[in-house]
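The values are calculated or read from the model by the stated rules, or taken from the named source; none is laboratory data. Just so it is clear, the model here is predicted, and its values are computed rather than measured. Don't worry about glycine lacking a Cβ; one is built from the backbone with ideal geometry, like all the others, and counts go over all protein chains shown.
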Amino acid sequence: MKIIIIGSAHPLRGGLSTFNERLARQFAQQDFDTTIVTFSLQYPNFLFPGTTQYSSEPAPTDIDIKVWINSINPFNWLKVGWQLKKENADIIVVRYWLPFMGACLGTILRIAKKNKKTKIICIADNVIPHEKRIGDTLLTKYFVKPVHSFITMSKKVLDDLQLFTQKPAVQIVHPLYDSFGEPVSKEVARKYLNIDPSEKIILFFGFIRAYKGLDILLDAMKILSENTTTSNIKLLIAGEFYEDRKKYEKQIEHLDIATQLILKTDFIADSEVHYYLCAADFVIQPYRNATQSGVTPLAYHFNKPMLVTNVGGLPNLVPDKKVGLIAEPNPTSIAEKIVELYQLGEAFFLPHLLEEKKKYSWQKLTETIIALSKNEQ
């Protein structure tokens, strides 16, 4: 069976690329002929708030990646569509995470499926975006039409999808991000990051965007700083600013909590990710809203208990008082739950983590894709 994955991959960086490359490896492991078709231009600069879209890591040698798609060139869409039609794949797996991609991907897929053979399965990360723009609804409606079936990784996205299509759709859990190496000891990780091995460290990991609630967590750190029993907890912020960093700098200065923070706000290379997760006692996700989070399966892989807020699909991914704790998205609740994490201790959560993570398999995802491709609709 021939599989083509359309989405981000090397030389592009970030969680989508990591996911698609890991999915390709899983298909290849199951003896499928697998290719990723990625972008020569993914975002115009006005849509990309980071420093660079491109990875500094070496290109993978075990994956066939074709850099074909220009997201803003309609002539390119027609060309790629006809190329994919000729490829005559059994399945195209397409990622959808931003309505901006609707015109590009919707056009490519309309042409690709003209061979009357290829089934198109969409993995939808978001249908209604976190940051809304004019035209989102029209672009998503255009995109969904050529797709045969959908996979989501949260009930929120599954529900949102029903606003656009009644085609077959299933929800599965986000597989583990297990491609960042094996865990190392906390001592080794902290030595690499130059962090005191005796300190209490909580981790905020990933791109810094408004919906992820870092500002709420900073307010919670102020609450912790005012209590002598919790003032020694430090927050490691590991991730690149995807919005104006000045508002966070002003907030930190106003709260007078700089001594409680460890800032690593450059892009984190894949080869360094395991050090940040392994250095932490707990992973904190103080989101204002969420569908699912790639940080959650990453924490699972490194056996790190989590605090998540009671929004979107996060509580379903982190069973309360088993894998972690659930807080309300406000500073007081988050501060209280951080205290409770330390009262319970890492060892309390470990047996539950090890059991729960068994659900997060990549083979489950590939089997779901294959099953959907056999649906006659």
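Only residues that are among the hydroxyl-bearing types (Ser, Thr, Tyr) and touching a residue at least 24 places away in the same chain (Cβ under 8 Å) were counted across segment 194-211, and they come to 1. The set of residues from segment 133-160 being more than 17 Å from Met101 (Cα to Cα) and surrounded by fewer than 20 Cβ atoms within 10 Å (Cβ to Cβ) comprises Lys155, Leu158, Asp159, Asp160. Close contacts from segment 162-186, counting a first residue that is more than 15 Å from Gln26 (Cβ to Cβ) and a second that is at pLDDT 95 or above and surrounded by fewer than 17 Cβ atoms within 10 Å (Cβ to Cβ), with Cβ to Cβ under 6 Å and a gap of 6+ residues or different chains, come to Phe164/Lys141.
Please specify each residue of segment 142-187 satisfying the condition of being aromatic (Phe, Trp, Tyr) and over 19 Å from the mean Cα position of the chain (by Cα). Step through it out loud before you land on a result.
From segment 142-187, those aromatic (Phe, Trp, Tyr) are 142-143, 150, 164, 177, 180; that's our starting set.
Residues satisfying the conditions are Tyr142, Phe143, Phe164.
Name the residue that is surrounded by the most Cβ atoms within 10 Å (Cβ to Cβ), counting only residues in segment 228-267 that are of a type in the set (Gly, Ala, Ser) and in contact (Cβ under 8 Å) with a residue 12 or more places away in the chain. Don't jump to the end; show me each part of the working.
Applying the first criterion (of a type in the set (Gly, Ala, Ser)) to segment 228-267 yields 231, 238-239, 258.
When the remaining residues are screened for being in contact (Cβ under 8 Å) with a residue 12 or more places away in the chain, the result is 231, 238-239.
Working: Ser231: 14, Ala238: 24, Gly239: 22.
Here the residue is Ala238.
Restricting Pro319, Pro286, Pro329 to those that are touching a Leu at 6+ places or on another chain (Cβ under 8 Å) and in contact (Cβ under 8 Å) with a residue 12 or more places away in the chain reduces the list to Pro286. I'd like the full set of residues that are surrounded by fewer than 19 Cβ atoms within 10 Å (Cβ to Cβ) and out of contact with any Phe, Trp or Tyr (no Cβ under 9 Å at 6 or more places or on another chain), limited to segment 268-292. Ala269 - this is the single residue of segment 268-292 that is surrounded by fewer than 19 Cβ atoms within 10 Å (Cβ to Cβ) and out of contact with any Phe, Trp or Tyr (no Cβ under 9 Å at 6 or more places or on another chain). Only one of the numbered conditions (1) modelled with pLDDT under 95; (2) over 21 Å from the mean Cα position of the chain (by Cα); (3) crowded, with 21+ Cβ neighbours inside 10 Å is violated by Gln42, and that is (2).
The rows are residues; the columns are (1) under 21 Å from Ile4 (Cα atoms); (2) among the β-branched types (Val, Ile, Thr); (3) in a helix (DSSP H, G or I); (4) at pLDDT 95 or above.
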{"site": "Phe100", "(1), (2), (3), (4)": "no, no, yes, no"}
{"site": "Cys104", "(1), (2), (3), (4)": "yes, no, yes, yes"}
{"site": "Leu109", "(1), (2), (3), (4)": "yes, no, yes, yes"}
{"site": "Ala112", "(1), (2), (3), (4)": "yes, no, yes, yes"}
{"site": "Lys117", "(1), (2), (3), (4)": "yes, no, no, yes"}
{"site": "Cys122", "(1), (2), (3), (4)": "yes, no, no, yes"}
{"site": "Ile128", "(1), (2), (3), (4)": "no, yes, no, no"}
{"site": "Arg133", "(1), (2), (3), (4)": "no, no, no, no"}
{"site": "Leu138", "(1), (2), (3), (4)": "no, no, yes, yes"}
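Could you tell me whether any residue of segment 88-96 is closer than 30 Å to Phe207 by Cα, surrounded by fewer than 19 Cβ atoms within 10 Å (Cβ to Cβ) and of a type outside the set (S, T, N, Q)? Looking through segment 88-96, none of the residues is closer than 30 Å to Phe207 by Cα, surrounded by fewer than 19 Cβ atoms within 10 Å (Cβ to Cβ) and of a type outside the set (S, T, N, Q).
Could you please let me know if Thr34 is surrounded by 14 or more Cβ atoms within 10 Å (Cβ to Cβ) and either outside the structural domain of Lys114 (by TED's automatic domain parsing) or not in a helix (DSSP H, G or I) (or both)? It would help to see each step written out before you state the result.
Working: surrounded by 14 or more Cβ atoms within 10 Å (Cβ to Cβ): yes; either outside the structural domain of Lys114 (by TED's automatic domain parsing) or not in a helix (DSSP H, G or I) (or both): yes.
For Thr34, the condition - surrounded by 14 or more Cβ atoms within 10 Å (Cβ to Cβ) and either outside the structural domain of Lys114 (by TED's automatic domain parsing) or not in a helix (DSSP H, G or I) (or both) - is met.
Could you list all residues from segment 290-319 that are in contact with a Gly (Cβ under 7 Å, 6 or more places away or on another chain), over 22 Å from Gly345 (Cβ atoms) and of a type in the set (A, V, I, L, M)? Selection gives Ala290 alone.
Quick check on Thr165: is it out of contact with any Phe, Trp or Tyr (no Cβ under 7 Å at 6 or more places or on another chain), surrounded by 20 or more Cβ atoms within 10 Å (Cβ to Cβ) and not assigned by TED's automatic domain parsing to the domain that holds Arg288? Walk me through it before giving the result.
Details: out of contact with any Phe, Trp or Tyr (no Cβ under 7 Å at 6 or more places or on another chain): yes; surrounded by 20 or more Cβ atoms within 10 Å (Cβ to Cβ): no; not assigned by TED's automatic domain parsing to the domain that holds Arg288: yes.
So Thr165 does not fit the description; no.
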